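The next block holds one structure in the form of structure tokens; read it before the comments.
The values are calculated or read from the model by the stated rules, or taken from the named source; none is laboratory data. Predicted model only: the values in this text are computed from it and were never measured. A quick note on method: Cβ atoms are made from the backbone with ideal geometry, for glycine too, and the neighbour counts reach across all protein chains shown. Note: areas computed on protein heavy atoms with side chains; ligands, DNA, RNA excluded. Shrake-Rupley method; radii C 1.70, N 1.55, O 1.52, S 1.80 Å.
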Amino acid sequence: VQLQASGGGLVQAGGSLRLSCAASGQSIRTYTMGWFRQAPGKEREFVAGISWSGGSTYGADSVKGRFTISRDPPKTTVYLQMNTLKPEDTAVYYCAAGLAVVLTTEANDYIFWGQGTLVTVSS
């Protein structure tokens, strides 16, 4: 599975961005998908995840109510809608695919990773 993340950019605080994660190679229809981020000098952290069916989603406390994860019906692309962005959301965002039966926030449970897309939120 190859994952390609896109949609990052520079936005002012309070603005919105939508990240996309497109899969190629092998279908991701049966994979749990997640978004992680890594800010400069910080550890990679879980942002949001969605089950293979799309029926379950989970977001980190820091993004609840602002970020929404979804996947298209053919389950070939996963999105992260980010609203009310804050400067502390500035990071490289990565999408990842895993085979965990239940939705997981642990990076080690995800086996395929995209290359990352940079999100910069100015104050």
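Structural remarks
- Whole-angstrom Cα spans of the chain along principal axes, big to small: 39, 26, 24
- For the range 42-47, the Karplus equation 6.51 cos²θ - 1.76 cosθ + 1.60, evaluated at θ = phi - 60°, returns couplings of 10, 6, 5, 10, 5, 10 Hz by residue, with Gly and Pro reported as x.
- For the range 100-112, putting each phi into the Karplus relation 6.51 cos²θ - 1.76 cosθ + 1.60 with θ = phi - 60° gives couplings of 4, 5, 10, 4, 10, 9, 8, 4, 5, 7, 9, 9, 10 Hz, in residue order, rounded to whole numbers and with x for Gly and Pro.
- Accessible surface, the chain, averaged per residue in Å² (probe 1.4 Å): 51 Å²
- By accessible area, using a 1.4 Å probe on protein heavy atoms only, the chain has 50% of its surface on carbon and sulfur.
- Using the Karplus relation 6.51 cos²θ - 1.76 cosθ + 1.60 with θ = phi - 60°, the per-residue 3J(HN,Hα) values for the range 14-25 come to x, x, 10, 9, 10, 8, 10, 9, 9, 9, 9, x Hz, with x marking Gly and Pro.
- Cβ-Cβ distance of A60 and S6, R₀ of 22 Å, FRET efficiency by 1/(1 + (r/R0)^6): the value works out to about 0.55.
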